[in-house]
1. At a Förster radius of 41 Å, what calculated FRET efficiency corresponds to the Cβ-Cβ distance of Asn187 and Lys258, to the nearest 0.05?
2. Lysines within cross-link reach of Lys59: Cα-Cα under 29 Å, excluding same-chain residues under 8 positions apart?
3. Carbon-plus-sulfur fraction of the accessible area of the chain, 1.4 Å probe, in percent?
4. Please name whichever of Thr55, Gly31, Asn75 sits farthest to the positive end of the charge dipole of the stretch 8-84, dipole taken about the Cα centre and charges placed at Cβ: Lys and Arg +1, Asp and Glu -1.
5. Suppose all protein chains stay in the model; what accessible area per residue would a 1.4 Å probe give for the stretch 94-135, in Å²?
6. Using a Förster distance of 30 Å, how high is the FRET efficiency between Glu306 and Leu21, based on the Cβ-Cβ distance and rounded to 0.05?
7. At 1.4 Å probe size, with every protein chain present, just tell me what the per residue accessible area of the stretch 200-344 comes to in Å².
8. Starting from the amide H of Gly158, placed 1.01 Å from N in the peptide plane, find each other amide H under 5 Å away whose residue is 5 or more places distant or on another chain.
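The values are calculated or read from the model by the stated rules, or taken from the named source; none is laboratory data. Here the structure is a predicted model, which is why all the values come from computation and not from measurement. Positions of Cβ are generated from backbone atoms using ideal geometry, with glycine treated the same way; all protein chains shown enter the neighbour counts. When the accessible area is computed, the model is the full protein with side chains, heavy atoms only, and any ligands, DNA or RNA have been set aside. Shrake-Rupley method; radii C 1.70, N 1.55, O 1.52, S 1.80 Å.
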Amino acid sequence: MNIIRGRIFSFLRRPENISDLDSFLYIEEGGILYDENGVIKEVDEYNSINRKHKTLPVKDFGSMIVCPGFIDTHNHFPQTQVIASYGTKLLEWLNKYTFPNESLFKNEDHCKKEAKIFLDLLNLNGITSSVSFGSVHPVSVQSLFAEAKKRNMNLIAGNVLMDRNAPADVLIPAKRSYENSNEIIRNWHDVGRCKYAVTPRFAITSTPELMEVSQSLVEENESCYVQTHLSENLDEIKTTLSLFPDYKNYLSIYDNYKLLSEKTLLAHSIHLEKSEKEKILETHAVTVHCPTSNLFLGSGLYKFKELRKMGIRSAISTDVGGGTSFSMLRTLDEAYKVQQLQDFSLNPLESFYWATLGNAKALGLDNEVGIIKPGNIADLIVLNSNSTPLMSHRMEKCETVQEELFVLQTLGDERAIESVFIAGKNQK
Ligand code: GUN
Ligand code: ZN
């Protein structure tokens, strides 16, 4: 058993507005007791926990915020070295930078080395749960699962499925991908905290046969997730509809192959038609906002306010390497700016909810992560709101926790992530 001491901050439900103080648990001098398996046993005033467990070791973070680890609902393992590639939009960016880099992941040594770097970067930035694309090569995602298992980290991932419109070394025929995926599911799905996601990259790199394979994998493995890309870029949509001329819109391709459910993550979802939004609502699929990527690739502005009003589910993610940062704080900052450009000021309670409990709910995992409560796993981070001279100076003017969160997301980066615990074990 162990105790973490600090200022505990954890959402209980979605905040309705910036004054919604009942939407979160806030204990100024709090304590979290967890067992050797990393399961949270008690959350209370520190003094009360200490009174009952006087001899236990205490990690004391003073007045720093202790909150649930961030959850990244969409990123690409084989793209760490693609970040910061100049001068292109989506389709050219994929061909010029991304596919060549992903081809390197046929090599096991490269995968192992990159898996450690990738998860280190996520963890250093306070991301304790990740939903990730591998490359097309099974060894990529197997290496990533193995590295996650070492850390007892919550990882949902899949080998990307692609069988056309890319260089030969990042394509695998549909039948072969079916066999590969089944083997990975057998070896990794529900092993430790690893879970499998069926991962057709997007319609452009999928033949109808590959879509059928995706459908079979989903039907035969109901507990697996589905992740793909949707309506990110206008040229992408045009190309998609020219490859699938019998479909009325982009989403109807995925719908035809029965890929849409509450376990489906649709990255980007920017340029949606009315009937696509209605279908997303009906199927309970999740739209995933990727703000740093959408700005970097000039893809467009995610319509958060409208989608939320309709009741469409949404998650937020880094989308590295189209995204430009492993930091969820940087990501929330860019999300704020994307909404500012649409005359909507996303409040900091909503954005921190999004990155923690909101994303946990989007994955159906809020009884494991995203909220500090007994029975959940001690995936916890400690936020240092004074981690740079500017932040310290700005903090002098902060009076509420909402203001502090806004300073953290506007000015913070990995330096503000003081400490990281995955299943109770220190990773930073
Ligand atoms: N659409 C298909 N593949 C990708 C990818 O790797 N990144 C982004 N941002 N969009 C995609
Ligand atoms: Zn992506």
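1. Details: r = 25 Å, r/R0 = 0.61.
After rounding, the FRET efficiency stands at 0.95.
2. By straight Cα distance, Lys59 reaches Lys41, Lys116, Lys149, Lys150, Lys361, Lys373, Lys397, Lys425, Lys428.
3. On the way: 8180 of 16450 Å².
C and S atoms contribute 50 percent here.
4. Comparing the listed Cα positions along the dipole, Thr55 ranks first.
5. Numbers: 1500 Å² over 42 residues.
Each residue of the stretch 94-135 exposes 36 Å² on average to a 1.4 Å probe.
6. On the way: r = 27 Å, r/R0 = 0.90.
That pair, Glu306 with Leu21, gives E of 0.65.
7. On the way: 5240 Å² over 145 residues.
Using a 1.4 Å probe on heavy atoms only, each residue of the stretch 200-344 averages 36 Å².
8. Ser132, Gly134, Ala197
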